[in-house]
Amino acid sequence: MKGIIKNLLVRLINLTNMPHYIEQVKQDKKLKHINASITNNGGLFYHEAEISNLTNDKSKLIIGNNTHCRAELFVYPYARKLQIGSDCYIGKNTIIRAGDELIIGDNVLISHNVTIMDTDSHEIDNGERAASFKKLTQYGHPAKIGNVKIKPVYIHDHVWISYNCCILKGVTIGKGAIVAAGSVVTKDVEPFTMVAGNPAQFIKALPQQ
């Protein structure tokens with residue numbers, strides 16, 4: 001009788017831990033995928049993070065030491081590079097997509113629900129756009145860019161991008177700048193300045209250190 005009770009208890013414990021076990025297996029699988037997709041120099045990825053490196057080249061997606069990532073990082077097949085420096089934070093539900101070259105420096109803080117893209121993602125011509133979408137659904141992302149407009153994005157050291165911001169193609173954000181919550185950045189931001197609004201405008205200069 002004692003043996004039967006002991007076996008029942010063990011089975012009950014195993015059943016209780018089953019959801020945790022399944023989640024751990026999923027996380028281990030995701031971590032293996034991340035490590036196979038990027039050059040990780042000591043970054044930390046949380047369970048919310050999603051990595052898609054369609055170049056299949058680890059050297060084109062680089063993460064620096066002690067960078068904490070909760071975001072979706074997406075590299076198109078034709079992209080040159082997506083690189084994030086050291087000691088950065090990238091918040092939950094943030095999307096960073098590279099179709100050209102997207103470089104983020106060190107000590108950069110990027111809040112939640114931020115979108116950073118160096119590409120329009122689709123063509124301007126409506127007929128071409130419709131045809132490309134049909135091909136995308138059938139064959140996946142194309143190896144060549146076609147007529148989609150792209151332009152590099154550079155975010156320098158010590159930048160703070162607050163929540164719900166959008167950084168569009170061709171933008172450079174200078175060292176120590178702050179992008180206030182809800183801003184849409186379509187033009188370069190000078191170092192050690194604060195911008196806000198849609199489109200983002202100069203608010204004030206910031207102390208330089």
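The values are calculated or read from the model by the stated rules, or taken from the named source; none is laboratory data. Keep in mind that this is a model prediction, so the values were computed, not measured. Ideal geometry is used to build each Cβ from the backbone, glycine not excepted, and the neighbour counts take in all protein chains shown.
Worth pointing out:
- All positions within region 165-208 that are under 30 Å from His122 (Cβ atoms), surrounded by fewer than 15 Cβ atoms within 10 Å (Cβ to Cβ) and in contact (Cβ under 8 Å) with a residue 12 or more places away in the chain: Ala181, Thr186, Lys187, Asp188, Gly197, Asn198, Pro199
- Candidates Asn113, Asn65 - the one that is in contact with a Gly (Cβ under 6 Å, 6 or more places away or on another chain) and among the polar types (S, T, N, Q): Asn65
- Pairing residues of region 125-142 that are surrounded by 12 or more Cβ atoms within 10 Å (Cβ to Cβ) with residues that are of a type in the set (S, T, N, Q) and outside any helix (DSSP H, G or I), at Cβ distances under 7 Å and at least 6 apart in sequence or on separate chains, gives Glu128/Asn147.
- So Ile13, is it part of a helix (DSSP H, G or I) and either under 30 Å from Trp160 (Cβ atoms) or at pLDDT below 70 (or both): yes
- Val159 under 16 Å from Thr115 (Cβ atoms), buried (at least 16 other Cβ atoms within 10 Å of the Cβ) and touching a Cys at 6+ places or on another chain (Cβ under 9 Å): no
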